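FYI, it's all coordinate maths here, none of it is from the lab. Please read all numbers here as calculations on a predicted model, not as lab measurements. All Cβ positions, even for glycine, are placed from backbone atoms using ideal geometry, and neighbour counts span all protein chains on display.
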Amino acid sequence: MSGKFLQASVVIKSLRDSGYNNAASALGELIDNSIQAGASIVELGIIEEISSSTSRNNFVATEITLWDNGKGMSKDTLRQALQFGGGEHRNDKKGMGKFGMGLPNSSISQCKRVEVWSWQDGLPPRYTYLDVDEMASGLLEVVPEPEERPLPVEYLRTHFSSSGLTESGTFIRWTKLDRLTWKTGRAIRSHCENLVGRMYRKFML
């Protein structure tokens, strides 16, 4: 009989159900973080693949990315940002969205794996991640220590072109997308545009 006070699989399910109804509201949290970090550019990317679950050739989103050119995060801040309830913006009065409880909660409400790269002062990016399956099984009990790791080449090409990385910034990747209300990139983008445009309209004037 287990002597654990909390069962990891139950806790993770509760955390995944906390406050984000769809991808638009979850991405709104990330965009809010980016703007609070001083970003002048926030870019959303969606990768689609042909679904094998139906006879028709339907495209479904398999990966969502978001990057900004904000101030980036130090090694300690990056690790803290992926701790539940550990973000820096909880008491920031300048925040606009205030959707919920930050990067980890918003991310795992939509996907089973979130990876984050962040960099400052032109230095190499640091990387860490959360994985719901690893957390539920007990394989992942703490946020991994951030390590230097370059962005995959395909993202350098699609998001940064020939100019290379910005002086500072953050790049977030969602994979194992298992809780999307809208399955196609077009639908996700459209709903995000509607929500973000409505929430931030006063700040875009």
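Each peptide among 58-70, 172-184, 25-37 gets the average number of other Cβ atoms lying within 10 Å of its residues, and from highest to lowest they stand as 25-37, 58-70, 172-184. Close amide H contacts of Ser51 (hydrogens built in the peptide plane, cut-off under 5 Å, sequence separation of 5 or more or a different chain): Asn58, Phe59, Val60. Where a ≥ b ≥ c are the square roots of the eigenvalues of the C-alpha gyration tensor, would you call region 125-205 rounded, which needs a/c under 1.5, or, failing that, prolate if a/b is larger than b/c, or oblate? It is oblate, given that a/c is not under 1.5 and a/b is not larger than b/c.
3J(HN,Hα) couplings calculated from phi for region 112-119 with the Karplus curve 6.51 cos²θ - 1.76 cosθ + 1.60 (θ = phi - 60°) are, in sequence order, 9, 9, 10, 10, 9, 10, 8, 8 Hz; Gly and Pro show x. Each label point was placed 7 Å from the Cα along the Cα-to-Cβ direction; for Arg149 and Glu43 their separation is 2.1 nm. Note that region 26-38 has calculated 3J(HN,Hα) couplings of 5, 5, x, 4, 5, 5, 4, 4, 4, 5, 5, 7, x Hz, one per residue in order, obtained from phi through the Karplus relation 6.51 cos²θ - 1.76 cosθ + 1.60 (θ = phi - 60°); glycine and proline are x.
Among rounded, prolate and oblate, which fits region 16-61 when a ≥ b ≥ c are the square roots of the eigenvalues of its C-alpha gyration tensor, a/c under 1.5 means rounded, and a/b larger than b/c means prolate? In terms of gyration-tensor shape, oblate.
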